[in-house]
Amino acid sequence: MAEETTGALQRIKARMKVQLVDLIDGKSRGPGREVPREALMENLAQVYKTSPESRGLGLSGVEQDRLIQDVINEVVGLGPLDPLLVDSTISEIMVNGPHEVFVEREGRLQRVDAAFRDTDHLMSVIDRMLGTVGQVINETNPLCDASLRDGSRINVIIPPLVLNGPVVTIRRKGRDWSMNDYLMIGALSEQAAGFLGACVKAKVNLVISGGTSTGKTTLVSILSAFIPREERIITIENIAELELPGREHWIRLVAKQGLVDGRGEIPLRTLVKNALRMRPDRIILGEARGGEALDMVQAMHSGHDGFITVLHGNTPRAALERLETLMLMSGLDLPPAACRTQIASAVDLVIHVGRYADGTRRVAAISQVLGTSQDGFQLEDIFTFDAQGFSATGQLQGTCRYTGVRPKALPKFHLNNVEVPAWLTK
């Protein structure tokens, strides 16, 4: 009996798919018109009612709607991913082959009850997603990093480079955050927020550091709101992720990926050099990854103040050490000591963000760069996260505390006519 039910269900789904393809191809509608999803559902509901097999299935109204949604998702949607992509509590979706799907929800990973029929089904969904942004993945080009139309970032890697089957990682575009939102979740203190806002207005050169998925890009977007409205902003990214809400004079540069052999690539370094010729008031580099780090540091030296960039690193010092390594990748024969000296005189502050055991993301430290020594970079914390243990519900308690150190970048406040926070003048 179970086999008969399964067979009847598959036959109904086949009829629905034929009807759906007819509607999409325009056989049941006039040219230039799109069929709304509601109309598709009504058409498929009629197919279900008129199918002889439906009488023996005995599906409830809710089950019928779910069947129709599944058919639409398989043909024109993204299959099992569709309900995940509309779930606002999910920040990341990870597909490990056709039969394993994980999500990150409120900072924690969990497996969900979703799966693709097989590898072909998963590949068809991948092709559909990438096709909307003009990208293709195949054996010749088995890696892809792209930004979807809704602002989500997608990474795809397929065999033979991965043994699990096609692997998809989608980082959902979150809502637009403001500094007030950041304060409400306890990511930093009001005192620290006011200081960072003033630093942006005063054109202090900032490096935002942290590990993977700690909210670095979100913090860049938040801080960009403090850039004066009349200034011309140029952002440079590998993949378009940054959102600067309400900006009019904003130029977005995005690197062009090449083929596996490198043909057709336009790297970040080329864009950084070009941006310097575009009369920028501010340059925001989404993430320094290679030789462009040298051009960025030299730009800071040549009068392009107010630079903001992102670096991966487990501590502020580790981020600067990574920046030094990236400068050495520029192809020029630079002594490491010279790189360290340039970085120390160019970068004013390192804002380090961390991800904690309860899944929250917070500003862990705001450190100023004092110089270099034989031991490496000399840094001094202006603010540091003071952890005070966990609550009964498992939430980490604490605040971003001012250490009492006087910022060395205060002269930039005076030069740019920015009011120094009152608590710094005492």
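The values are calculated or read from the model by the stated rules, or taken from the named source; none is laboratory data. As the structure is a prediction and not an experimental result, all values here were calculated from the model. When we count neighbours, we look across all protein chains shown, and the Cβ atoms used for this are built from the backbone with ideal geometry, even at glycine.
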**Message:** Tell me the residue from 283, 239, 227 that is touching a His at 6+ places or on another chain (Cβ under 7 Å) and either in a helix (DSSP H, G or I) or in the same structural domain as residue 323 (by TED's automatic domain parsing) (or both), please.
**Reply:** 283
**Prompt:** Residue check: is residue 147 touching a Lys or Arg at 6+ places or on another chain (Cβ under 7 Å) and over 17 Å from residue 80 (Cβ atoms)?
**Reply:** yes
**Asked** In the stretch 139-179, which residues are in a strand (DSSP E or B) and of a type in the set (Gly, Ala, Ser)?
**Response** 146, 147
**Complete:** If you go through 277, 322, 289, 361, the only one that is under 28 Å from residue 190 (Cβ atoms) and not acidic (Asp, Glu) is 361
**Item:** Selected residue (criterion: farthest from residue 419 (Cα to Cα)) from residues of the stretch 242-269 that are outside any loop (DSSP other than H, G, I, E, B) and charged (D, E, K, R)
**Value:** 256
**Request:** Please find, within the stretch 275-290, the residue that is nearest to residue 330 (Cα to Cα) out of those that are buried (at least 19 other Cβ atoms within 10 Å of the Cβ) and small (Gly, Ala, Ser).
**Result:** 288
**Message:** Condition first: buried (at least 18 other Cβ atoms within 10 Å of the Cβ) and free of Cβ contacts under 8 Å to residues at least 60 places away in the same chain. Now tell me which residues in the stretch 220-243 satisfy that.
**Reply:** 221, 222, 233, 234, 235, 236, 237, 242
**Prompt:** Would it be correct to say that residue 272 is crowded, with 22+ Cβ neighbours inside 10 Å, part of a helix (DSSP H, G or I), hydrophobic (A, V, I, L, M, F, W, C) and in contact with an Asp or Glu (Cβ under 7 Å, 6 or more places away or on another chain)?
**Reply:** yes
**Asked** Taking the stated definitions as given, is residue 299 in a loop (DSSP other than H, G, I, E, B) and more than 16 Å from residue 220 (Cα to Cα)?
**Response** no
**Prompt:** Restricted to the stretch 314-328, and to residues that are surrounded by 19 or more Cβ atoms within 10 Å (Cβ to Cβ) and not charged (D, E, K, R), which residue is farthest from residue 293 (Cα to Cα)?
**Reply:** 316
**Message:** For the list (1) under 24 Å from residue 267 (Cβ atoms); (2) part of a helix (DSSP H, G or I); (3) touching a residue at least 40 places away in the same chain (Cβ under 8 Å), I need the number of the one condition that residue 310 fails.
**Reply:** (2)
